[in-house]
Amino acid sequence: MIDETASAPNFVLLLFRLVLALVFVAHGWNHIFGGGKIEGTGRWFDSLGMRPGMMHAWFASLTEIGCGVLVGLGLLTPLGAAAMLGVMVVAFITNHMRNGFFIFRPGEGYEYVLVLAVCAVVIGGLGGGGWSVDSGLGIFGGGWGQLILTTAAGIGGAAVQLIVFWRPSKPQNAESKA
């Protein structure tokens with residue numbers, strides 16, 4: 001007989017992990033193979049001030065794919081979630097924050113990256129659930145330690161990346177245009 005009290009939360013966490021993983025894997029894949037391909041992604045990263053743009057295009061794309069796979073499998077879940085959070089913090093600061101809340105605003109607001117960042121923190125703190133590789137290995141069962149690890153590693157990694165590599169162009173003011 002199926003224990004519904006145990007299977008329902010595990011099913012929900014599995015569904016949550018898989019959808020979140022799909023979003024990140026698809027996004028990373030699109031950065032490499034979609035639209036302007038990795039070259040266009042590199043130019044876009046460069047325009048955001050992430051120098052060198054091509055290196056960051058590869059770094060972000062492969063991180064999105066890798067963290068998506070980890071979270072989807074429920075393998076090293078808080079580390080995969082931390083990588084998701086880090087990518088979203090960098091996206092928030094370099095591109096979305098200045099455009100307001102709503103994603104449909106010009107330049108895309110931050111509502112999308114905010115939701116994904118919070119989802120990463122949630123799954124990092126909860127763990128992969130009973131239907132995950134972590135559970136099978138007896139690791140990362142969820143809790144405050146994982147929540148702190150996910151949040152600190154995600155925000156800390158993003159902060160280091162921004163401090164070392166983010167060099168946005170300075171806007172020209174009216175005096176310098178004359």
Taking the highest mean first, how do the peptides 114-126, 141-153 order by number of other beta carbon atoms within 10 angstrom per residue? 114-126, 141-153
Phi angles of region 120-130, converted by Karplus (6.51 cos²θ - 1.76 cosθ + 1.60, θ = phi - 60°) into ³J(HN,Hα) in whole Hz with x for Gly and Pro, give 5, 5, 4, 5, x, x, 7, x, x, x, x
Listed highest first by mean packing, meaning other Cβ atoms within 10 Å per residue, what order do 76-83, 39-46 come in? 76-83, 39-46
Place a +1 charge on the Cβ of each Lys and Arg in region 43-141 and a -1 charge on the Cβ of each Asp and Glu, then give the dipole magnitude about the Cα centre in debye, rounded to the nearest 20. 240
Using all C-alpha to C-alpha distances in the chain, build P(r) with 10 Å bins and read off the rounded percent in each one. 11, 34, 32, 16, 5, 2, 0, 0
Which value, in Å² and to the nearest 10, is the accessible area of Ile163 when all protein chains are kept and the probe is 1.4 Å? 120
About its Cα centre, the chain carries a charge dipole, from +1 on Lys and Arg Cβ atoms and -1 on Asp and Glu Cβ atoms, whose size in debye to the nearest 20 is 680
Just check region 33-109 against the gyration tensor rule for me: Cα atoms, a ≥ b ≥ c as the square roots of the eigenvalues, rounded for a/c under 1.5, and otherwise prolate or oblate depending on whether a/b exceeds b/c. oblate
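The values are calculated or read from the model by the stated rules, or taken from the named source; none is laboratory data. Because the structure is a prediction, the values reported are computed rather than measured. Reconstructed Cβ throughout: ideal geometry from the backbone, glycine too, with neighbour counts over all protein chains shown. To get the accessible areas, we keep the full protein, side chains included, count just its heavy atoms, and leave off ligands, DNA and RNA. Shrake-Rupley method; radii C 1.70, N 1.55, O 1.52, S 1.80 Å.
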